[in-house]
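Since the structure comes first, as structure tokens, the remarks are kept for the end.
The values are calculated or read from the model by the stated rules, or taken from the named source; none is laboratory data. Just so it is clear, the structure is predicted and the values come from calculations on it, not from any experiment. Reconstructed Cβ throughout: ideal geometry from the backbone, glycine too, with neighbour counts over all protein chains shown.
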Amino acid sequence: MLNPGIKLGHYSIVAQIGAGGRGEVYRATDTRLGREVALKVLPAGALADEAARKRFHKEAIALSKLNHPNVETLYEFDSHEGVDFLVMELIGGVTLDEKLAQGPLSEKDVLRLGQQLAEGLAAAHEQGVIHRDLKPGNLRLTPDGRLKILDFGLAKLLRPVAETATTESFTETQAVAGTLPYMAPEQLRGQAADTRTDIWMAGVVLYELATARLPFLEKLPTALADDILHKAPPTPGRLNPELSSRLEEIILKCLEKDPDHRYQSAREVLADFRRLAAPAAAPRIQPRRRWVAALVVLVVPGVLALLLALNVGGLRERLLGRAGSPQIQSLAVLPLKNLMRDPDQDYFVEGMHEALITELSKISALKVISRTSTLGYRQTEKRAPEIARDLGVTGLIEGSVLREADQVRITVQLIHGPTDRNLWAQSFDRELRGILALQSEAARTIAEQIKVTLSPQEQARLAGARPVNPDAYEAYLKGRYYFESWRTPEGLQRGIEYFERAIEKDPQYALAYVGLGDSYLVLADQAVIPSVEGYARAKAAIQRALEIDETLADAHVLLAGLMFGFEWGWSGAEKQFREAIQRNPGHPRGHHLYGRFLRNMGRYDEALAELEQARNLDPLSIAINVALANTYYFARRYDKALEQAQKIFEVDASNAHAHLLVGTAYVQKRLFNRGMAEIEKAVALSGGQTVMQLLLARAYAVAGSKNRARKLLNELIEQSDRTHVSPFFVALVYVGLGERGPAFAWLEKAYRARDSDMTTVKVLPDLDPLRDDPRFQDLLRRMNFPE
């Protein structure tokens, strides 16, 4: 112990203010700068060799660069006559363990201190500094209410001493009162500490602040260590019923045994604290107005009671029904987090995400954004208000999926997007066999929380989920994963294998037949398999799905698309589109494909209305935005088509289809140079797709560069034995060249091949030069287009 008046360099000791395993702390005066500091004298022998001293000095320099209002500042590291010491910021106030002697803190105080703790940890972690020894004794509350984290990094700087203390703590009961109750499971296993270790320790501190006791109470060190490693702590709400369930959830997530299941960064903890806090400013009462406040206190309750009794203006419903809860009639379910931290389980998490969106989208009173528009927010740094604004919603759902063997847990939280306010959170647990019931329960509960009225049919459907064969469900999810993620011939074939495996396990699995049908349609459209074979297989699978469950909107949409694109059964296709949308008004693909159908029938206003509805549900979908632009193009409203294309560029500036659309619109406006430049750009961006090159040849032809057009056309036709060359688009080049004979010959080939692009012949501007030809009128009659 150093006596007052002793000097270490230019620091004069004033008084000892603390002592512990990592040294003694003194109040001291910096005689050069005339300020008071905290001077930590390191234990003798802590830096016994030069290597240890160099390491300590290097890391002390790193610590000194930490500059944050919630972290104690390290000024310098020095040595004087064999005494090593650190010079720190001198902080007044009380430590949290002194504060805890008065009992648990209010939730408001836990939130306030928890946010500051998370902010300090985040700042340190982002500088690569880990504390490793968080506990109430290392957290000081200043007189103005600010939390300061003390002794940052000393557990690492004094690692040899710390390791000795840890070893001793397993054999000496006295040491257990120090570090051990706050140690994370990975520390006890001898594994390397990382930022998530600090998050565990923060969780222990938060638990203690909320309950005034530790999560694990064993006195014997070995028994305490065993509890930390293997037992779940009592839920904080059992010990303090005043706690909200959301605060309890934050604390318990910090205390997950597996670091991969905890918050992965202090920033995540901070974000949840901010959502939960969402402070509402209360007006301050000025002293001279206090008599008014007193009058309000005396009179208002009686008046309010009378108004409630009379239900004036529906006040009772407004106050007792929806008070304090923002109105939410539109939702986006953001990508769910994979708490298994196993990429091989991504298919399962993505399947849960898709299923939750699908269940919610069936609620007619609720607008639910499509999965394709939400996927871009998987790794986003955008905050809730910005995401809500992007997607045009007031509500956001965040969540996670955890699976252990056949047990599944989905945790979801509802956020008011414009204010980033957390409104509600809940976990849903089921065996895998009951996964459909879990999804329905989650959707139903979300609807209840936002007070959306369910029709009797919707209530019955959400309550009637059947058990599934776990093996069949696994295979189905893998099939969907390959179908959605790969879209290559190989990926689609693997998807088909999994869908067939699901059907083998459960022959009544309607959704597996839908997946099978969808896969065959894509293979046929990509000309990977002959169209006749692909469409026949697709139709058989889709019809089987509808035999099992006629309510499946997805199946009705696929059947409509097949009738429209391949069979040219116009009235049957429209009936199926309408059936799908009636079954699920929130089905963006249904509105999208129906809009394209109406466009090809020449019903442009109806088409635009359907496509706008599709975009409303899936605002970031490139395909839907391209379809909107194309509809303006088909309607000969070229300026509107160009205007819509600019909106696509706002989402994806290098989209080949948007550049193609701009180019063809310019060609129709006879701005040939600009048009050809845009289409050339589209060809380059698409990697030289054959259709893009054929449309470039068509542009050359219309612009008068006929030799250039023929050269490119002949080169592409010569490749037809190696790659698919669309006869429909070859016909368009000949139309541009003014050669009607070859144009009709190639249109006839497209007709015989049931080329899906033939469905545009009634309205496509590129074919206008042929419309007065009897052969064209005959083609329209054979295709049986409605008048």
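Brief remarks follow.
- Scanning the range 395-416 for residues that are small (Gly, Ala, Ser) and at pLDDT 90 or above yields a single hit, 395.
- Residues of the range 401-417 that turn out to be touching a Ser or Thr at 6+ places or on another chain (Cβ under 6 Å), surrounded by fewer than 22 Cβ atoms within 10 Å (Cβ to Cβ) and farther than 16 Å from residue 445 by Cα, as a count: 0
- When we screen 119, 89, 98 for residues that are closer than 20 Å to residue 65 by Cβ and surrounded by fewer than 19 Cβ atoms within 10 Å (Cβ to Cβ), the only hit is 89.
- Looking across the range 130-154 at every residue that is surrounded by fewer than 24 Cβ atoms within 10 Å (Cβ to Cβ) and among the β-branched types (Val, Ile, Thr), the one that is modelled with the lowest pLDDT is identified as 130.
- When 389, 433, 383 are checked against the criterion of being closer than 24 Å to residue 344 by Cα and either surrounded by fewer than 19 Cβ atoms within 10 Å (Cβ to Cβ) or out of contact with any Lys or Arg (no Cβ under 9 Å at 6 or more places or on another chain) (or both), 433 stands alone in meeting it.
- Matching residues in the range 73-118 - criterion: being farther than 26 Å from residue 263 by Cβ, among the aliphatic types (A, V, I, L, M) and in contact (Cβ under 8 Å) with a residue 24 or more places away in the chain: 74, 83, 86, 87, 88, 90, 91, 94
- Listed by position, the helices (runs of 4 or more DSSP H) contained in the range 696-787 that have at least 1 residues being without any contact (Cβ under 8 Å) to a residue 60 or more places away in the chain and touching a Pro at 6+ places or on another chain (Cβ under 8 Å) are 727-737, 740-752.
- Residue 2 being surrounded by 15 or more Cβ atoms within 10 Å (Cβ to Cβ) and either in a strand (DSSP E or B) or within 45 Å of the chain's Cα centre (by Cα) (or both): no
- Residue match in the range 554-563 (condition: in contact (Cβ under 8 Å) with a residue 60 or more places away in the chain, within 28 Å of residue 761 (Cβ to Cβ) and either out of contact with any Cys (no Cβ under 6 Å at 6 or more places or on another chain) or in a helix (DSSP H, G or I) (or both)): no
- Sole residue being closer than 25 Å to residue 465 by Cβ and under 17 Å from the mean Cα position of the chain (by Cα), chosen from 392, 399: 399
- For residue 126: the one exception among (1) free of Cβ contacts under 8 Å to residues at least 40 places away in the same chain; (2) within 24 Å of residue 37 (Cβ to Cβ): (2)
- The residues of the range 252-291 that are of a type in the set (Gly, Ala, Ser) and modelled with pLDDT of 90 or more, listed by number, are 265, 266, 271.
- Scanning the range 221-238 for residues that are more than 13 Å from residue 200 (Cβ to Cβ) and either modelled with pLDDT of 90 or more or assigned to a loop (DSSP other than H, G, I, E, B) (or both) yields a count of 5.
- Selected residue [loosely packed, with under 14 Cβ neighbours inside 10 Å, among the acidic types (Asp, Glu) and over 20 Å from residue 353 (Cα atoms)] from 500, 533: 533
- Residue satisfying all of: in the range 751-785; in contact with an Asp or Glu (Cβ under 9 Å, 6 or more places away or on another chain) and at pLDDT below 95; surrounded by the most Cβ atoms within 10 Å (Cβ to Cβ) among these: 756
- Residue list for the range 662-678, filter: part of a helix (DSSP H, G or I) and of a type outside the set (A, V, I, L, M): 663, 664, 666, 668, 672, 673, 674, 675, 678
- Annotation: of all residues in the range 590-609 being within 16 Å of residue 756 (Cβ to Cβ) and basic (Lys, Arg), the one that is surrounded by the fewest Cβ atoms within 10 Å (Cβ to Cβ) is 596.
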